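Engineer: Structure in structure tokens, see below.
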Amino acid sequence: MIDVRNTILIFGVLTAVGIVGFWIPHERAKQPSPQPMTASGEAEIVVKYTEHGFDPQTITVAVGTTVAWVDTSGRPMWVGSDPHPTHTDLPGFDQLRVINRANFLFVRTAYAHGNDVYEYTFTKVGAWKYHNHINPSDRGTVIVIERPSSKP
């Protein structure tokens, strides 16, 4: 014989667990994620690489600003300055190529598949176009301006 009280109790517990299981992640998603900070304590600018491309596509920063590209797409990301495939408009702005002090070029042979982060500090004024080398139709622009003077 089925005990109605136990059935109601079990149904109530399962319903409460389901509601809490939905509510907690939903509330966490509403909270803004903390802004990454640079070593100097300044907020770092973040560009996400999503399944739809770079977001935002265009940003404006001051000279000396570090920008972080964060791959949230689950697809490979290789950020490089235009033009494709040489990345020569802004030498050094290339996620997989690093020039050491002796000017020898080292090329990373692998790139991450999602959740990769690339950071670059802009030291030259200009409008720097870039793309994902793996999918060159995904494009963006970083506009670098002089740092505003603190004098009145």
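The values are calculated or read from the model by the stated rules, or taken from the named source; none is laboratory data. The structure presented is a predicted model; accordingly, all values stated were derived computationally and were not measured. Neighbour counts run over all protein chains shown; Cβ positions are idealised from the backbone, glycine included. Side chains included, ligands, DNA and RNA excluded: accessible areas come from the protein's heavy atoms. Shrake-Rupley method; radii C 1.70, N 1.55, O 1.52, S 1.80 Å.
Engineer: Restrict the check to segment 7-24 and report whether at least one residue is at pLDDT 75 or above, β-branched (Val, Ile, Thr) and open to solvent by less than 80 Å² (accessible area, probe 1.4 Å).
Structural biologist: no
Engineer: Now for a separate question. What residue, of GLY92, GLY80, is open to solvent by less than 60 Å² (accessible area, probe 1.4 Å), modelled with pLDDT of 55 or more and over 20 Å from GLN57 (Cβ atoms)?
Structural biologist: GLY92
Engineer: Can you tell me which residues in segment 122-135 are touching a strand residue (DSSP E or B) at 6+ places or on another chain (Cβ under 6 Å), modelled with pLDDT of 95 or more and open to solvent by 40 Å² or more (accessible area, probe 1.4 Å)?
Structural biologist: Passing the criteria: VAL125, ALA127, TRP128, LYS129.
Engineer: I would also like to ask the following. Do we have ASP138 as modelled with pLDDT of 95 or more and either exposed (fewer than 12 other Cβ atoms within 10 Å of the Cβ) or of a type in the set (D, E, K, R) (or both) here?
Structural biologist: yes
Engineer: Also, quick follow-up: Test TYR118 against the criterion of being at pLDDT below 95, of a type outside the set (D, E, K, R) and assigned to a strand (DSSP E or B), and give yes or no. Working first, answer last.
Structural biologist: Working: at pLDDT below 95: yes; of a type outside the set (D, E, K, R): yes; assigned to a strand (DSSP E or B): yes.
Yes.
Engineer: Right, next: Among the residues that make up segment 50-67, is at least one of them at pLDDT 65 or above, within 25 Å of ARG147 (Cβ to Cβ), more than 19 Å from the chain's Cα centre (by Cα) and surrounded by 10 or more Cβ atoms within 10 Å (Cβ to Cβ)?
Structural biologist: yes
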